[in-house]
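See below for the structure under consideration.
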Amino acid sequence: MSSTGTPVARSEVIVPSRVLGMALFIATEALFFAGLISAFVVLRAQAIDWPPAGQPRLPIGVTGFNTLVLLASAWTMQQAAATLRRGEPQVRRLIMITAALGALFVGIQGYEWVNLVRYGLTTGSSLYGATFYTIVGAHGLHVLAAVISLIAAALIAPARSREGTDRTWLDPFRMYWFFVAGVWPVLYVLVYLS
Amino acid sequence: MSTAAIAHPKSFWREYVFSTDHKTIAKQYLSTGIFMALVGGLLAYVMRMQLAYPGQAIPGYGTIDPQSYNAVVTMHGTIMIFWVAMPILLAAFGNFLIPLMIGAADMAFPRLNMLSYWIFFLSTVVLLASFFVPGGAAAGGWTSYPPLSGSAAYSGGQWGVTLWLLAVAMEFAAFLMGGINFITTAINNRAPGMKLFDMPLMVWMQLGASIIFLFSVGPLIAGAVMLILDRVAATGFYNPATGGDPILFQHLFWFFGHPEVYVILLPGFGAVAEVLPVFSRKPFFGYRMMVYATIITGVLSFIVWAHHQFIAGIDPRLATAFSITTILISVPIAVMTFAFIATLYKGSIELKTPMLFALGTLVVFLLGGVTGIHLGTAATDIYLHDTYFVVAHFHYTLIPPVFFGFFAAWYYWFPKMFGRMLNEGLGKAHFWLTFIFMHVTFIPMFLLGFGGHHRRISNPQFFEAMQGPEAERLQIIATAGAIGILLSQIPFVVNSVLSLLRGAKAPANPWQANTLEWTVPSPPPHGNFETVPQVYRGPYEYSVPDRVDDWFPQDAKV
Ligand code: HEM
């Protein structure tokens with residue numbers, strides 16, 4: 001996303017366009033998850049037993065660890081942005097570490113899915129399975145998309161730092177990463193723990 | 001995109017097809033929308049012929065079976081709302097006008113803008129393709145309620161509904177990109193000196209519509225994803241047999257669906273708000289009040305959705321609450337209507353074609369709004385729900401912004417878009433014919449609805465209560481009216497084509513209007529403004545005392 005470079009200063013730009021644009025996108029995404037969450041709450045409130053008898057329990061421990069992985073990635077992302085702002089060189093490596101942690105998160109989730117399917121939890125086995133795969137799957141796809149966006153960011157990073165003047169170009173990437181990392185603990189508590 | 005790149009000559013592809021210029025993208029949206037209006041209009045013709053002459057062969061189509069009728073109703077509604085109203089009113093005019101009216105060179109994110117159109121284009125292809133898949137197009141109504149839409153066994157083919165859902169999801173992704181662009185541009189790219197309260201009302205309305213769309217579409221996408229999964233992955237979210245809840249979809253749908261009607265209404269009203277002061281040579285009455293009414297409408301539009309579900313078995317206490325919010329929302333809308341009327345009061349009114357269509361918007365909408373009171377009240381709605389009264393009501397509220405609002409905008413901004421003037425005589429004929437046949441078509445539907453005629457019925461002969469000479473006569477009048485509406489578009493097409501080919505060249509400011517788009521040549525060049533304009537005043541300073549001209553452009557130094 002590049003902004004139109006208008007030569008004359010516009011009136012009162014308080015929030016830069018790319019930050020504003022990303023904030024609006026994230027608001028929409030948040031409401032998408034709010035839709036899924038409210039569906040989950042309604043369906044669950046109407047269910048007779050939750051989780052239904054004969055369905056496997058969700059892996060709380062491993063996923064708890066995975067939650068920490070994602071939170072750690074938010075921290076490395078923050079470091080990347082801070083490094084960029086100070087004009088130091090390791091930005092690219094920090095972006096790659098963040099992306100790797102994100103990929104690890106998706107990998108562990110995928111591994112757990114394979115196990116759960118083997119134990120008989122599928123999208124069609126119960127609403128318990130249906131809501132689980134839909135919500136966790138939607139989040140997993142978001143993390144995957146965010147990892148891809150970070151790989152793109154890492155690719156353009158050298159050119160950006162050669163230009164040198166713009167020290168906030170990573171901001172929209174960071175915002176989106178914070179969003180996917182930040183929404184996960186909510187989903188974890190809701191779907192796994194409650 | 002940098003400004004340097006805009007000035008460079010470009011290949012045919014970059015100039016007309018994969019263009020990032022907001023004006024080209026606007027025209028792309030406009031032409032796609034007009035094409036889809038033709039498709040939607042022909043589907044309306046098929047329905048009306050079947051209702052007036054059930055079971056007989058329809059000229060140009062043949063006989064229609066109930067399954068195909070359901071598909072035709074569904075696709076007519078879907079196309080008119082999502083592929084005509086939104087691309088034309090929001091995407092086309094928003095794209096064309098926002099940068100020009102605020103004195104910007106282009107949108108904030110031109111490449112995202114181009115991507116938005118091409119995703120929309122793909123969604124159009126997917127939707128049209130769904131007519132030709134085995135089992136035919138989606139037939140579950142434009143609201144696509146499960147369980148009807150949840151299983152192939154209920155609504156015909158396996159593919160139709162899935163493609164429908166896919167097309168709608170893609171389209172929303174496209175408008176999401178557009179909405180982000182509109183809001184960011186209006187907030188960040190205004191010309192120096194243009195404060196928020198100096199923006200023309202059209203920009204406010206586009207801004208309001210975009211914000212409403214953005215904040216309502218997420219839950220619908222969630223609901224649509226769950227519906228797709230119900231169909232392809234056996235999840236059973238909306239299937240009571242597995243513990244699911246069909247009403248859940250209704251909530252997710254109408255949480256979006258009702259704000260959506262304001263997404264369509266506001267840009268239409270925006271066009272009216274631009275036209276009225278220019279053709280009454282008066283300042284807009286209560287500009288700020290209008291802006292506040294827009295904001296209040298936006299907020300309220302999020303808490304009225306369950307009025308579509310009075311019959312669906314929701315808690316009666318809830319129904320009362322939603323009745324109240326529904327009737328409350330008519331307050332800001334009434335404020336807007338009164339502001340429009342007060343703008344006319346004691347003006348020097350010129351009944352040029354754009355003005356006729358703007359006034360037509362108001363008159364028709366008033367009738368639609370008044371009939372809405374009956375439906376917003378849970379008590380009367382229980383009787384009128386799902387009858388032709390509802391069909392007449394929502395056409396009386398949708399056609400003003402979508403038809404009349406669009407034509408007001410078309411006749412008003414055509415000179416700016418294409419650099420040619422339209423013919424006034426043909427324009428006026430177009431207005432009067434459309435306006436008269438509109439009533440001929442839909443007034444009989446109110447009467448049919450009172451008589452208990454249900455909507456979405458493929459053949460009235462199947463039901464005793466819908467027969468009788470009276471009902472048949474009304475059906476035939478409505479059909480004659482509908483054909484009249486379609487034929488009334490001939491002057492519009494002839495006028496537009498002739499004017500494009502050899503209309504008089506349009507000057508920069510043919511209507512002597514104040515807003516910034518009229519300060520650049522018609523059509524505006526790449527990059528719009530040669531030098532960035534400086535804005536000194538609000539958009540509606542007409543007939544200012546002690547001035548020779550009765551208009552006062554926003555960028556004119558005293
Ligand atoms: C030429 C003018 C039009 C005619 C004659 C017409 C006719 C009809 C008829 C007869 C129905 C109801 C069919 C039934 O329930 O069996 C219908 C449904 C509908 N129309 Fe129109 N229409 C016209 C224009 C429009 C426009 C401009 C819009 C919106 C912008 C629109 C939106 C809808 C919607 C949303 C439905 C409901 C579809 C459903 O039940 O799922 N129509 N139309």
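The values are calculated or read from the model by the stated rules, or taken from the named source; none is laboratory data. None of these values were measured; they are calculated from a predicted model. Glycine also receives a Cβ, built like all others from the backbone with ideal geometry; neighbour counts cover every protein chain displayed. Accessible surface areas use protein heavy atoms only, side chains included; no ligands, DNA or RNA. Shrake-Rupley method; radii C 1.70, N 1.55, O 1.52, S 1.80 Å.
The angle between the Cα long axis of helix A:60-86 and the main principal axis of chain A comes to about 10°, on a 0 to 90 degree scale.
So, counting K/R as plus one and D/E as minus one, what does the shell of residues with Cβ under 15 Å around B:Pro545 add up to? Here the charged neighbours net out to +1. Which of rounded, prolate, oblate describes chain A, given a ≥ b ≥ c as roots of the alpha-carbon gyration tensor eigenvalues and a/c under 1.5 marking rounded, otherwise prolate only if a/b is larger than b/c? Since a/c reaches 1.5 and a/b is larger than b/c, the shape of chain A is classed as prolate. In straight-distance terms, cross-link reach from B:Lys557 covers every one of the lysines whose alpha-carbon lies under 18 Å from its own, apart from those fewer than eight places away in the same chain; here that gives B:Lys195. Ordering B:Val73, B:Ser499, B:Phe172 by the projection of their Cα atoms onto the charge dipole of the stretch B:22-556, which places +1 on the Cβ of Lys and Arg and -1 on the Cβ of Asp and Glu, puts B:Ser499 at the extreme positive end.
Here the sum of -39500 (n - 2.57) over DSSP H runs of 4 or more residues, divided by the residues of chain B, equals -20500 deg cm²/dmol at 222 nm, to the nearest 500.
In this structure, the amide hydrogen of B:Arg420, modeled 1.01 Å from its nitrogen in the peptide plane, lies closer than 5 angstrom to those of B:Ala506, counting only residues at least 5 positions away or on a different chain. From the square roots a ≥ b ≥ c of the eigenvalues of the alpha-carbon gyration tensor of the protein assembly as shown, which class results: rounded (a/c under 1.5), prolate (a/b over b/c), or oblate? Oblate shape, in that a/c is at least 1.5 and b/c is the bigger or equal ratio.
Could you state how much accessible area B:Trp518 has, in square angstrom rounded to the nearest 10, with a 1.4 Å probe and all protein chains kept in place? In the full protein context, B:Trp518 sits at about 10 Å².
A Cβ-based charge dipole, computed about the Cα centre of chain B with Lys and Arg at +1 and Asp and Glu at -1, lands at about 940 debye. Here's the list of lysines a cross-link from B:Lys428 could span, going by alpha-carbon distance under 30 Å and ignoring same-chain residues fewer than 8 apart: B:Lys23, B:Lys27, B:Lys282, B:Lys346, B:Lys352, B:Lys416, B:Lys505. For chain B, find the longest principal axis of its Cα atoms and tell me its angle to the long axis of helix B:406-418, 0 to 90°, nearest 10. On a 0 to 90 degree scale, this one is about 40. Accessible surface comparison of A:Phe132, B:Phe121, probe 1.4 Å, protein chains only, largest first: the order is B:Phe121, A:Phe132.
Taking amide H as placed 1.01 Å from N in the peptide plane, the amide H of B:Ile58 sits under 5 Å from that of B:Thr63, each at least 5 places away or on another chain.
Quick one: net charge of B:Gly244's neighbours, Cβ under 15 Å, K/R +1, D/E -1? Result for the local shell: 0.
Residues B:Arg455, A:Arg85 ordered from highest to lowest accessible area at a 1.4 Å probe: A:Arg85, B:Arg455.
Axis angle, to the nearest 10 degrees, between helix B:158-188 and the longest C-alpha principal axis of chain B: 20 degrees. At the residue level, B:Thr371 shows approximately 20 square angstrom of accessible surface with a 1.4 angstrom probe and all protein chains present. Rounded if a/c is under 1.5, else prolate if a/b beats b/c, else oblate: with a ≥ b ≥ c from the C-alpha gyration tensor eigenvalues square-rooted, which is chain B? Prolate.
Backbone phi angles across the stretch B:136-149, fed through the Karplus curve with coefficients 6.51, -1.76 and 1.60 (θ = phi - 60°), yield HN-Hα couplings of x, 6, 3, 10, x, x, 5, 7, 6, 5, x, x, 3, 8 Hz in residue order; Gly and Pro are listed as x.
Surface burial for B against A, with a 1.4 Å probe and both sides summed, reaches about 3300 Å² of accessible area. If you sort B:His258, B:His251 by accessible surface, 1.4 Å probe, largest first, the order is B:His251, B:His258. Rolled with a 1.4 Å probe across the full set of protein chains, the surface gives B:Tyr53 an accessible area near 80 Å². Projecting label points 7 angstrom from Cα along Cα→Cβ for A:Leu193 and B:Thr377 puts them 5.1 nm apart.
Work through the residues other than A:Ala82 whose Cβ is under 15 Å from its Cβ and net out their charges, Lys, Arg +1 and Asp, Glu -1. Taking every Cβ under 15 Å from that of A:Ala82, the sum is +4. For the stretch B:519-528, backbone phi angles converted through the Karplus equation (6.51, -1.76, 1.60; θ = phi - 60°) give residue-by-residue couplings of 8, 9, x, 10, x, x, x, 3, x, 6 Hz, Gly and Pro being listed as x. Taking amide H positions as modeled 1.01 Å from N, with prolines and chain starts lacking one, the residues under 5 Å from B:Thr387 and 5 or more places away or on another chain are B:Arg455.
Rounded to the nearest Hz, the phi-derived 3J(HN,Hα) couplings of the stretch B:199-214 under the Karplus curve 6.51 cos²θ - 1.76 cosθ + 1.60 (θ = phi - 60°) are 6, x, 4, 4, 5, 4, 5, 5, 4, x, 4, 5, 5, 4, 4, 4, where x marks glycine and proline.
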